[in-house]
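Chemist: A single structure is presented below for examination.
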Amino acid sequence: MIKFSVCIEALYGGVPFIDRIEKVAAVGMKTFEFWGAGGKDIDAIKTAKDKFGLTIATFGADVGGALVEPANRAKLPETLKKSVEIAHKLDCKRMLVTTGNEIEGVPRKKQHQSIVDGLKVAAKIVEAEDITLCLEPLNILVNHKGYYLYTSEEGFEIIDEVGSPNVGLLFDIYHQQITEGNLIDNITASIDKITHFHVADVPGRHEPGTGEINYKNVFKSISDAGYDGYVGLEYWPAGSDDDSLKYLLDMTADM
């Protein structure tokens, strides 16, 4: 069964942020997500979530820039624990995390090890709190030039090296189509390491059905592989927000 989570940073962008939560409920979706908590009214998010009976799948954890850059490592426990407090307040069990940009002049092997070391520190914190971190590779060809982690292969290597049941990979189907393709094989071969998905079509980062990815087959493969987490809808609709969500619900009704 495919369980969708609506990214309210991307959908309903023309609506005040808190009001987007009501929009998610009105279209028949049960779950939403957002990016970082900084600058957001967490109390208002919780109130709206509870009012409409919704679940929050994930939001961005603050790791204080401590992954690629070990000099920032001392900040990690304090900043991550603040994110954990927010997660508990929102009854959210997963937080997404990014590596930061590649550091010029530093060997990638050294930065890779720094990410592993930082996530091992983070793992001890989230394991004790029953929260899972979802590490996200991003594409550097179109959207995130300079970002360190761009392949799922290296992402899965990092997850293996960290060795924690509470640290997995966020597989963004849009980013990985641009970076490497071979989506279904890459996903199904490592489905046990994937703790969240993101969805958008290529090109344009619009809703599924507007580009080159056969999302019906991709979703079926994810479902058949036994994945029971959330699939985050992080796209910017080319058409109607509501219609795009209803289309996805119809597409996956029998999965």
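The values are calculated or read from the model by the stated rules, or taken from the named source; none is laboratory data. Remember, it's a predicted structure, so these values are computed and weren't measured experimentally. Note that we place each Cβ from the backbone using ideal geometry, even for glycine, and neighbour counts take in every protein chain shown.
Chemist: From (1) modelled with pLDDT under 95; (2) of a type in the set (Gly, Ala, Ser); (3) under 24 Å from CYS92 (Cα atoms), pick out the condition that doesn't hold for GLY239.
Modeler: Evaluating GLY239 over (1) modelled with pLDDT under 95; (2) of a type in the set (Gly, Ala, Ser); (3) under 24 Å from CYS92 (Cα atoms) leaves (3) as the failure.
Chemist: Based on this model, can you work out whether ILE184 counts as among the aliphatic types (A, V, I, L, M) and crowded, with 19+ Cβ neighbours inside 10 Å? If you could, list the steps in order and put the result at the bottom.
Modeler: Working: among the aliphatic types (A, V, I, L, M): yes; crowded, with 19+ Cβ neighbours inside 10 Å: no.
The answer is no for ILE184.
Chemist: Of the numbered conditions (1) under 23 Å from ALA10 (Cβ atoms); (2) out of contact with any strand residue (DSSP E or B) (no Cβ under 7 Å at 6 or more places or on another chain); (3) buried (at least 20 other Cβ atoms within 10 Å of the Cβ), GLY209 satisfies every one except a single condition; which is it?
Modeler: Unmet for GLY209, out of (1) under 23 Å from ALA10 (Cβ atoms); (2) out of contact with any strand residue (DSSP E or B) (no Cβ under 7 Å at 6 or more places or on another chain); (3) buried (at least 20 other Cβ atoms within 10 Å of the Cβ): (3).
Chemist: Next question. Select, from GLU136, GLU154, GLU161, GLU129, the only residue that is among the acidic types (Asp, Glu) and within 14 Å of the chain's Cα centre (by Cα).
Modeler: Result of the check over GLU136, GLU154, GLU161, GLU129: GLU136.
Chemist: Within the range 206-223, does at least one residue satisfy the condition of being closer than 30 Å to ALA128 by Cα and β-branched (Val, Ile, Thr)? Steps first, please.
Modeler: So in the range 206-223, the residues closer than 30 Å to ALA128 by Cα come out as 222-223.
Still in the list and also β-branched (Val, Ile, Thr): 222.
Taking every residue of the range 206-223 in turn, at least one turns out to be closer than 30 Å to ALA128 by Cα and β-branched (Val, Ile, Thr).
Chemist: Something else: In the range 17-31, what residues are within 12 Å of ILE45 (Cα to Cα) and assigned to a loop (DSSP other than H, G, I, E, B)?
Modeler: Answer for the range 17-31, where residues must be within 12 Å of ILE45 (Cα to Cα) and assigned to a loop (DSSP other than H, G, I, E, B): PHE17, ILE18.
Chemist: Condition first: touching a helix residue (DSSP H, G or I) at 6+ places or on another chain (Cβ under 8 Å) and either part of a helix (DSSP H, G or I) or at pLDDT below 95 (or both). Now tell me which residues in the range 32-50 satisfy that.
Modeler: ILE42, ILE45, LYS46, ALA48, LYS49
Chemist: Out of everything in the range 89-114 that is in a loop (DSSP other than H, G, I, E, B) and of a type in the set (A, V, I, L, M, F, W, C), what residue ends up being nearest to LEU141 (Cα to Cα)?
Modeler: Per the stated criteria, the residue is ILE103.
Chemist: Suppose the filter is surrounded by fewer than 22 Cβ atoms within 10 Å (Cβ to Cβ), among the hydroxyl-bearing types (Ser, Thr, Tyr) and not in a helix (DSSP H, G or I); does SER223 pass it?
Modeler: Working: surrounded by fewer than 22 Cβ atoms within 10 Å (Cβ to Cβ): yes; among the hydroxyl-bearing types (Ser, Thr, Tyr): yes; not in a helix (DSSP H, G or I): no.
Against the criterion (surrounded by fewer than 22 Cβ atoms within 10 Å (Cβ to Cβ), among the hydroxyl-bearing types (Ser, Thr, Tyr) and not in a helix (DSSP H, G or I)), SER223 does not qualify.
Chemist: Quick check on my filter: what residues within the range 141-168 are surrounded by 19 or more Cβ atoms within 10 Å (Cβ to Cβ) and either free of Cβ contacts under 8 Å to residues at least 12 places away in the same chain or part of a loop (DSSP other than H, G, I, E, B) (or both)?
Modeler: Those that are surrounded by 19 or more Cβ atoms within 10 Å (Cβ to Cβ) and either free of Cβ contacts under 8 Å to residues at least 12 places away in the same chain or part of a loop (DSSP other than H, G, I, E, B) (or both): TYR148, LEU149, TYR150, ASN166.
Chemist: Any residue that is closer than 21 Å to GLU9 by Cα and hydrophobic (A, V, I, L, M, F, W, C) - is there at least one of those in the range 143-163?
Modeler: Scanning the range 143-163, I find no residue that is closer than 21 Å to GLU9 by Cα and hydrophobic (A, V, I, L, M, F, W, C), so the answer is no.
Chemist: Pick from the range 60-76 the residues that are free of Cβ contacts under 8 Å to residues at least 40 places away in the same chain and within 19 Å of TYR147 (Cα to Cα): which of them is farthest from the chain's Cα centre (by Cα)?
Modeler: Step one: of the range 60-76, the residues free of Cβ contacts under 8 Å to residues at least 40 places away in the same chain are 60, 62, 64-65, 71-72, 74-75.
Filter once more, so that each one left must be within 19 Å of TYR147 (Cα to Cα): 60, 62, 64-65, 71-72.
Working: GLY60: 8, ASP62: 14, GLY64: 18, GLY65: 17, ALA71: 26, ASN72: 23 Å.
Among them, the one singled out is ALA71.
Chemist: Sticking with this one: Among the residues of the range 95-112 satisfying the criterion of being basic (Lys, Arg) and out of contact with any Asp or Glu (no Cβ under 9 Å at 6 or more places or on another chain), which is nearest to PHE171 (Cα to Cα)? Show your work before the answer.
Modeler: Let us first name the residues in the range 95-112 that are basic (Lys, Arg), namely 108-110.
Filter once more, keeping what is out of contact with any Asp or Glu (no Cβ under 9 Å at 6 or more places or on another chain): 109-110.
Numbers: LYS109: 22, LYS110: 23 Å.
In this case the residue turns out to be LYS109.
Chemist: Continuing with the same structure: Taking the range 51-85 as the search range and keeping residues that are among the aliphatic types (A, V, I, L, M) and part of a helix (DSSP H, G or I), which one is surrounded by the most Cβ atoms within 10 Å (Cβ to Cβ)?
Modeler: If we take residues in the range 51-85 being among the aliphatic types (A, V, I, L, M) and part of a helix (DSSP H, G or I), then LEU80 is surrounded by the most Cβ atoms within 10 Å (Cβ to Cβ).
Chemist: Then there's this: Does ASP117 satisfy the criteria of being outside any helix (DSSP H, G or I) and in contact (Cβ under 8 Å) with a residue 24 or more places away in the chain? Step through it out loud before you land on a result.
Modeler: On the way: outside any helix (DSSP H, G or I): no; in contact (Cβ under 8 Å) with a residue 24 or more places away in the chain: yes.
No, not satisfied.
Chemist: Limited to the range 231-240, what total is found for residues that are touching a Lys or Arg at 6+ places or on another chain (Cβ under 7 Å) and buried (at least 22 other Cβ atoms within 10 Å of the Cβ)? Steps first, answer last, please.
Modeler: So the first thing to find is which residues in the range 231-240 are touching a Lys or Arg at 6+ places or on another chain (Cβ under 7 Å), and the list is 231, 235-236.
Right, trim to buried (at least 22 other Cβ atoms within 10 Å of the Cβ) and you get 231, 235.
Residues in the range 231-240 being touching a Lys or Arg at 6+ places or on another chain (Cβ under 7 Å) and buried (at least 22 other Cβ atoms within 10 Å of the Cβ): 2 in total.
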